1. Can you name the number of the only condition in (1) charged (D, E, K, R); (2) without any contact (Cβ under 8 Å) to a residue 40 or more places away in the chain; (3) not in a helix (DSSP H, G or I) that residue 278 fails?
2. Taking the residues in the range 1-15 that are within 8 Å of the ligand (Cβ to nearest atom) and of a type outside the set (S, T, N, Q) as candidates, determine which candidate is most open to solvent (accessible area, probe 1.4 Å).
3. Of all the residues that make up the range 16-29, how many are open to solvent by less than 40 Å² (accessible area, probe 1.4 Å) and within 15 Å of the ligand (Cβ to nearest atom)?
4. Test residue 377 against the criterion of being in a strand (DSSP E or B) and open to solvent by 50 Å² or more (accessible area, probe 1.4 Å), and give yes or no.
5. Would you point out the residue of the range 93-111, among those that are surrounded by 13 or more Cβ atoms within 10 Å (Cβ to Cβ) and of a type in the set (Gly, Ala, Ser), that is modelled with the highest pLDDT?
6. Suppose we filter 406, 391, 379 for residues that are β-branched (Val, Ile, Thr) and in contact with a helix residue (DSSP H, G or I) (Cβ under 6 Å, 6 or more places away or on another chain); which single one remains?
7. Would you check if residue 70 is more than 16 Å from the ligand (Cβ to nearest atom), in contact with a strand residue (DSSP E or B) (Cβ under 7 Å, 6 or more places away or on another chain) and among the acidic types (Asp, Glu)?
8. Do you know which residues across the range 246-291 are among the acidic types (Asp, Glu) and within 24 Å of residue 442 (Cα to Cα)?
Amino acid sequence: MTPVTIIIFGASGDLTQRKLIPSLFHLFIKRKTPRELFVVGFGATPYDDERFRTHLREALNQFAAYPFTEEEWALFAARLRYLQGRYTDLADFKRLGEMLRALEGEKGNRLYYLAIPPSLFSSVVDLLGLTNQLVEDGGWRRVIIEKPFGTDLQSARLLNQQLHRTLKESQIYRIDHYLGKETVQNILFLRFANTIFEPLWNRNYIASVQITVAETVGVEHRGRYYDGVGVLRDMFQNHLLQLLTLVAMEPPASFNAEALRNEKIKVLSAIPTMSEEEIVRYTVRAQYRGYRQEKDVAPDSNTPTYAALRLFVNNWRWQGVPFYLRSGKRLAQKQTRIVIRFKEPPLSMFPLPPGKRMNPNLLVLSIQPDEGIHLRFEVKAPDTLAETRSVNMEFDYARAFGPSAVPEAYERLLLDAIQGDASLFTRADESEMAWSLLEPILHTWEQKEKPALAFYEPGSEGPVEAERLLEQDGEVWL
Ligand SMILES: NC(=O)c1ccc[n+]([C@@H]2O[C@H](COP(=O)([O-])OP(=O)(O)OC[C@H]3O[C@@H](n4cnc5c(N)ncnc54)[C@H](OP(=O)(O)O)[C@@H]3O)[C@@H](O)[C@H]2O)c1
């Protein structure tokens with residue numbers, strides 16, 4: 001493995017201590033990173049190397065999800081450095097460049113991680129460019145950009161233009177940590193490493209698809225950020241649309257970044273833009289009661305904390321199959337799942353009680369917290385003439401592979417970026433296309449204030465309006 005230096009901007013922050021350092025340390029002790037690894041923290045916080053190490057050691061005590069020895073920590077700690085500097089100061093970036101050259105010798109591979117507020121992304125990349133840190137003369141240079149990537153189509157386009165002034169698209173890794181989850185990647189394996197699902201994976205057999213990302217937490221300490229953003233920007237532009245593309249995409253010709261991302265783009269471009277009338281009828285925006293009293297939230301805020309949408313993918317495979325997407329905060333349970341509802345048998349030869357229909361088959365891809373796959377089908381109830389009963393065939397990741405087999409999403413993504421595999425990162429056109437899909441909805445919600453903002457009780461299943469959205473199609477949330 002070739003040596004690599006990872007430079008983290010925002011190294012004093014929450015993401016670094018909760019996710020990045022625990023993931024890097026775990027990769028290091030599993031020997032998945034090169035032994036010649038350096039992790040350089042950069043930020044305004046006045047740490048030196050020792051205080052940075054102490055800060056990260058405390059973070060590991062709190063956030064490492066695995067046991068480690070003092071010897072392992074000492075080996076890792078020796079790879080950690082810190083440089084105090086400002087994100088807008090050319091002189092500080094020159095010092096960073098000098099420090100990295102001194103650490104690496106002549107040629108080094110560098111992964112820059114922008115774990116800072118998005119308003120600083122372009123300035124940091126510009127200064128890296130101005131100080132010649134992004135030139136690939138011998139070693140590679142890659143930059144991971146955190147989310148959110150823009151707040152609408154215009155700002156995402158502008159950010160892409162700013163990044164492309166200095167970086168080639170192949171050097172940019174836009175991260176969506178959802179794609180680092182094993183169960184999300186498993187959607188592709190389920191579909192394309194087996195032959196039994198794919199023949200059924202279309203409008204002839206599938207009646208509808210539901211994608212739910214439910215959280216129990218509220219805005220917590222992120223009130224100021226969240227109140228200007230809302231659920232559509234925070235969850236749909238990235239996580240939910242990414243899950244949709246993985247369910248709906250055609251089989252790529254190969255398992256490489258460009259082939260996968262080309263197929264995802266085709267799905268997004270097949271989703272028709274909704275008219276204002278459709279937005280009023282087929283979208284729900286809602287807020288949990290008590291949101292306006294949260295810290296740093298405006299007392300008259302109309303920011304939605306819950307949304308539900310009905311979308312279609314207009315291609316041969318999916319024409320007419322509704323995709324129902326919903327996500328919200330302060331809901332009854334934390335759960336991310338995709339439910340594929342198959343069509344009912346065209347004719348039942350079994351006598352059913354009056355008004356009862358045969359239960360449809362369901363394939364449930366459970367992303368979190370219970371990571372697995374469940375297939376619901378009908379069997380004959382014992383000791384009856386012809387009664388059917390629904391049963392589940394279950395696959396549970398932890399039971400099959402052991403409780404610690406599923407790594408933290410950031411581990412996968414950091415390793416992929418080190419190895420130059422961008423499959424699980426979002427390409428510029430993908431990010432812009434996702435924004436252009438949501439743009440009319442955001443406009444109708446925010447400018448025209450339609451449909452009316454609904455409210456729901458914290459700890460509930462969400463607003464009643466979301467139930468009605470499906471009732472129009474004779475469906476229920478599953
Ligand atoms: N935390 C998460 O779980 C999470 C999840 C998804 C995405 N993200 C994204 O990851 C990035 C970092 O998130 P984070 O939660 O770690 O952020 P954070 O803790 O608020 O900030 C990271 C660091 O950036 C510097 N900073 C913060 N605000 C600044 C400002 N206004 N001006 C200049 N410097 C500032 C601070 O470092 P210094 O003062 O030392 O320079 C701070 O420690 C953000 O883009 C965020 O949207 C985070």
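The values are calculated or read from the model by the stated rules, or taken from the named source; none is laboratory data. Bear in mind the structure is a predicted one, so any value in this text is a computation, not a measurement. Heads up, the Cβs are rebuilt from the backbone with ideal geometry, glycines too, and the neighbour counts pull from every protein chain shown. We work out accessible area using only protein heavy atoms, side chains counted, and drop any ligands, DNA or RNA first. Shrake-Rupley method; radii C 1.70, N 1.55, O 1.52, S 1.80 Å.
1. Tallying (1) charged (D, E, K, R); (2) without any contact (Cβ under 8 Å) to a residue 40 or more places away in the chain; (3) not in a helix (DSSP H, G or I), residue 278 fails exactly one: (3).
2. Selected residue: 14.
3. Number satisfying all stated conditions: 6.
4. So residue 377 fits the description; yes.
5. Among those that are surrounded by 13 or more Cβ atoms within 10 Å (Cβ to Cβ) and of a type in the set (Gly, Ala, Ser), it is 97.
6. None of the others qualify; the one that does is 406.
7. Taking the combined requirement at face value, the residue does not satisfy it.
8. Start the filter on the range 246-291 by keeping residues that are among the acidic types (Asp, Glu), which leaves 250, 258, 263, 276-278.
Within the range 246-291, 276, 277, 278 qualify.
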